[in-house]
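K.L.:
Can you keep this structure in mind? I'll have questions shortly.
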Amino acid sequence: SIPVLTIDGPSGAGKGTISRLAASRLGWHYLDSGALYRAVGVAASWADLDVSDPAALVRCTFDTDIGFRETGQGLRVIVDGVDATDELRLETTGALASAIAAIPEVRSALKERQRAFRQAPGLVADGRDMGTVIFPDAPFKVFLTASAEERADRRYKQLKDKGVSVTIDGLLREILARDARDAQRTVAPLRPAPDAVLIDSTGLSIDQVVAQVLALLPS
Ligand code: C5P
């Protein structure tokens, strides 16, 4: 079957950067599963939906068209025909995505869309439940962590480069709240698959982490 490398972990651990680099070194496809949850969040906010109305959010999940487009400025995410990439990255969108992601029917509605990314010659899948729920048979699984302070610091730098004004303390609080919600939800809680390799990226360079990840695959 087509090989999958799953990279799960808490927010800000560097999953996106590491997964994209690993995919490009391997020549494999890349799935940013968080972008799907974020896209539903954006669509729900455009439609002014009530976040405490699960039925409306489930309908919104089925109705929202989500596309990925590789451009000169990186991967763009198109929600119902509109480029929503910048709005997708906001921490407010992350928090909304995390609330929506706790609804079991939303998760199951997105299951097949995620599995459809498994195409030859292989897939690198980035998220929270890639190794546990979506691709449990993946031959290569990583659980990527970093200290909460380092994760807040990385997010801060990313957002500052984009001109978004935030504070490290505010981000740290938001990240810890989102982690707690992702770990405590009853459906697909954030946790390593039993067969995942744990990599702590605190203090490591991007290249060092990519090298550790790629070392799991036969060369
Ligand atoms: O990875 P990212 O920060 O973009 O994910 C946003 C939110 O979407 C996470 O906080 C999590 O609640 C949810 N998510 C999820 N399962 C995934 C990917 C993301 O529940 N596979």
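Every number in this text was worked out from the coordinates using simple rules, so none of it is lab data. All values derive from a computational prediction rather than experimental measurement. Here Cβ is always computed from backbone atoms with ideal geometry, including for glycine, and neighbour counts include all displayed protein chains.
K.L.:
Do you know which of the residues in the range 143-167 that are assigned to a loop (DSSP other than H, G, I, E, B) and among the aliphatic types (A, V, I, L, M) is farthest from G203 (Cα to Cα)?
P.N.:
In the first step, residues of the range 143-167 are kept if they are assigned to a loop (DSSP other than H, G, I, E, B); the result is 146-147, 162-167.
Restricting the remaining residues to those that are among the aliphatic types (A, V, I, L, M) gives 146, 164, 166.
Values: A146: 8, V164: 25, V166: 23 Å.
By that ranking, first place goes to V164.
K.L.:
Could I ask something else about it? What is the residue count in the range 1-23 for residues that are farther than 20 Å from T85 by Cα and polar (S, T, N, Q)?
P.N.:
2
K.L.:
A further question on this structure: Does the range 23-44 hold any residues that are within 19 Å of D182 (Cα to Cα) and in a helix (DSSP H, G or I), and which are they?
P.N.:
Passing the criteria: S33, G34, A35, L36, Y37, R38, A39, V40, G41, V42.
K.L.:
Considering only the range 104-120, state which residues are of a type in the set (A, V, I, L, M) and either under 15 Å from V58 (Cβ atoms) or in a helix (DSSP H, G or I) (or both).
P.N.:
Of the range 104-120, the ones of a type in the set (A, V, I, L, M) are 106, 109-110, 116, 120.
Answer for the range 104-120, where residues must be of a type in the set (A, V, I, L, M) and either under 15 Å from V58 (Cβ atoms) or in a helix (DSSP H, G or I) (or both): V106, A109, L110.
K.L.:
If you don't mind, there's one more thing I want to ask. Look through F62, F68 and report the one residue that is over 29 Å from F143 (Cβ atoms) and not in a loop (DSSP other than H, G, I, E, B).
P.N.:
Just a single option satisfies the conditions, and that option is F62.
K.L.:
Go through the range 71-103 and give me each residue that's part of a helix (DSSP H, G or I) and more than 11 Å from the ligand (Cβ to nearest atom).
P.N.:
T85, D86, E87, T92 - these are the residues of the range 71-103 that are part of a helix (DSSP H, G or I) and more than 11 Å from the ligand (Cβ to nearest atom).
K.L.:
Which condition from (1) crowded, with 22+ Cβ neighbours inside 10 Å; (2) polar (S, T, N, Q); (3) within 19 Å of V209 (Cβ to Cβ) is the one that T17 breaks?
P.N.:
(1)
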